[in-house]
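Down below is the structure, laid out as structure tokens.
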Amino acid sequence: MIKDRLTVIREDIKRFSPYPDRVRIVAVSKKQSIEKMRSAVEAGITDLGENRIQDALDKFSVEPFEGIARHFIGYLQSNKANKCLQNFNWLHSLQTEKLAKLIADSDSRIKCLIEVNISGETNKSGLLPDQLSTFLNKVREFHGLEVCGLMGMAAFTEDEAEIRRSFALLRSLAEEYKVLETAHFKMDELSMGMTHDYRIALEEGATFLRIGTGIFGPRSY
């Protein structure tokens, strides 16, 4: 089943993305069993996403998934930052100067995406679009920090036009701030699109899809 679901997603990438060769599927394995995660890796998944540090570390202690990129996609508290830096390759939710400075001053070279609240919903985290310029101009001076792009979540709605507006906003912000790029500060990656809306995200330029139940089926626990 996992293999079949991934085949559909890969075909959708070819169909909907303007640059399918750039798109990576992050299999969001939160609350999924190690057996399902192994099946996804056997089916060609090279990126796993988790949103709870301890849950992820418990699983990685049993099965480290050598050679697989680990993505932390949840809100990262400063007191758990070191564990994240030591155990993950990507952080999709950078949104505070405090955390950016902590990462910059560490020995880790985790790749970061800056989270933007593109839906306008108060229950979602991330910088508001009008806060982004100040934040970017600040953190681009942190030379130990590697920024690769932006992340955002559209509203959970059936209104496809609203979803598209959110993803188009993230893309336009990345394009706007490409003028700030340096050797360690890029706007190349767009992490957007989940199980219910990834096709729209692909059309709007997603380079990372964060897909959980669309790959694994219902959560295991």
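Only the coordinates and a few stated rules stand behind these numbers; no lab work does. Remember, it's a predicted structure, so these values are computed and weren't measured experimentally. Neighbour counts are summed over all protein chains in view; Cβ atoms, including those assigned to glycine, are modelled from backbone coordinates with ideal geometry.
A few comments on the model shown:
- Pairwise centroid distance, computed over Cα atoms, of the range 1-69 with the range 199-221, Å: 10
- The alpha-carbon atoms of the range 125-170 define a convex hull whose volume equals 82 cubic angstrom per residue.
- Computed over Cα pairs, the Kirkwood radius of the range 1-78 leads via Stokes-Einstein (1.002 mPa s, 20 °C) to a diffusion coefficient of 159 µm² per second.
- The range 120-221: translational diffusion in µm²/s, Stokes-Einstein, Kirkwood Rh over Cα pairs, 10 °C, 1.306 mPa s: 108
- Low-density loop positions, GluC sites (Glu not before Pro), the range 1-108 - DSSP coil, at most 16 other Cβ in 10 Å: 66
- Distance between the range 149-198 and the range 73-123 - C-alpha centres, whole angstrom: 17
- Among 1, 192, 151, a tally of other beta-carbon atoms within 10 Å of each Cβ gives an order, fewest to most, of 1, 151, 192.
- Over the chain, Cα pairs under 8 Å with separation of 6+ residues give a relative contact order of 23 percent.
- Distance violations [Cα-Cα > 23 Å] among 3/80; 14/124; 101/178: 3/80; 14/124
- Neighbour counting of Cβ atoms within 10 Å sorts the residues 8, 179, 116, fewest neighbours leading, into 179, 8, 116.
- Distant alpha-carbon pairs in the range 54-118 (separation over 16 angstrom), percent: 42
- Kirkwood Rh (inverse of mean 1/r, distinct Cα pairs), the chain, angstrom: 17.6
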